[in-house]
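Input: a single structure, listed below in structure tokens.
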């Protein structure tokens, strides 16, 4: 009689299905959206469509002849100018994780923007992979959200005010964002302006900063927010919190800005943290201008 096996049958993993790694197309977005819903990510189909318009996506699909199109993995890379790119929406179906598929997707995305330094906003689950691939931590992003933020009054320096943004402000907005991020995000920002409300921080006719708000996920997201310092950023953010005090609001702010404790006092809830990481030369920004709230985690 053979000796009893000490092998735990529950540790045996089924073989990987036949998978095809290929570029993402517009017709694939509904399938990608269903994949992100499995992870309870808030992206709408419209948000996926916008991501694909801004960059290039790749997916893993099952190729079994008897199976309908089944997307089991995704990634999107968005280049900003000639030197930097953000990689996001790295998703692998839960039962297929820890099988090297995330690495394959990341390598494909990196190949598509070869020569660019890469930026990711890493979840805790993704951190080990990014570290293995040579990414280095830069900052931490805190995701705040809620529908019960308290109205807030922020005093700006004398002569400064928050005003609606006009068409004549667009070039200045692009310049301020480039100062704050160290990247050329013109394509992204021009597209965002078509779907966002925007305000400027003004001092005697000079635009010092800006804040956008738009529909995203479960409600509205405030970002990007660019300003010279935290107090002015608070003034811009407070404008939108007060305007949409009865709406679900989300912001993703950097830990280094000092804003998390302020947002917490306003009644917004910190529901998640991700780590900003970079592989290659990080962007060089103007120290007199800062990005406080991002567009979203997939676009930076």
Fill in: Scope region 236-258; condition more than 19 Å from residue 143 (Cβ to Cβ) and touching a strand residue (DSSP E or B) at 6+ places or on another chain (Cβ under 6 Å); matching residues
239
Response to the item:
Residue pairs qualifying under the 7 Å Cβ cut-off, at least six apart or on distinct chains, with the first in region 18-33 being within 16 Å of residue 105 (Cβ to Cβ) and in the same structural domain as residue 76 (by TED's automatic domain parsing) and the second being assigned to a loop (DSSP other than H, G, I, E, B) and modelled with pLDDT of 95 or more, are 32/24
Discussion item. Just the residues that are at pLDDT 95 or above and farther than 14 Å from residue 232 by Cβ, please, taken from region 150-165.
Written reply: 164, 165
Item to complete: Considering (1) out of contact with any helix residue (DSSP H, G or I) (no Cβ under 8 Å at 6 or more places or on another chain); (2) in contact (Cβ under 8 Å) with a residue 12 or more places away in the chain; (3) not in a loop (DSSP other than H, G, I, E, B), say which one residue 247 fails and leave the rest.
Response: (3)
Fill in: Single residue of 98, 104 found to be assigned to a loop (DSSP other than H, G, I, E, B) and under 26 Å from residue 70 (Cβ atoms)
98
Worksheet item: When region 267-279 is examined, which residues are found to be surrounded by 20 or more Cβ atoms within 10 Å (Cβ to Cβ) and within 17 Å of residue 240 (Cα to Cα)?
Response: 268
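For the condition part of a strand (DSSP E or B) and without any contact (Cβ under 8 Å) to a residue 24 or more places away in the chain, what is the one hit in 214, 220? Explain how you work it out, then say what you get.
Values: 220 fails: without any contact (Cβ under 8 Å) to a residue 24 or more places away in the chain.
Criteria check complete, one pass: 214.
Rundown of residues vs (1) outside the structural domain of residue 223 (by TED's automatic domain parsing); (2) surrounded by 15 or more Cβ atoms within 10 Å (Cβ to Cβ); (3) assigned to a strand (DSSP E or B), yes/no style:
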site	(1), (2), (3)
86	yes, yes, yes
90	yes, yes, yes
108	yes, yes, no
111	yes, no, no
177	no, yes, no
Worksheet item: In region 127-156, what residues are in a loop (DSSP other than H, G, I, E, B), touching a helix residue (DSSP H, G or I) at 6+ places or on another chain (Cβ under 7 Å) and buried (at least 20 other Cβ atoms within 10 Å of the Cβ)?
Response: 149
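The values are calculated or read from the model by the stated rules, or taken from the named source; none is laboratory data. Predicted model, so just to flag it, every value in this text is computed and none were measured. Cβ: placed from backbone, ideal geometry, glycine included. Neighbour counts: every protein chain shown.
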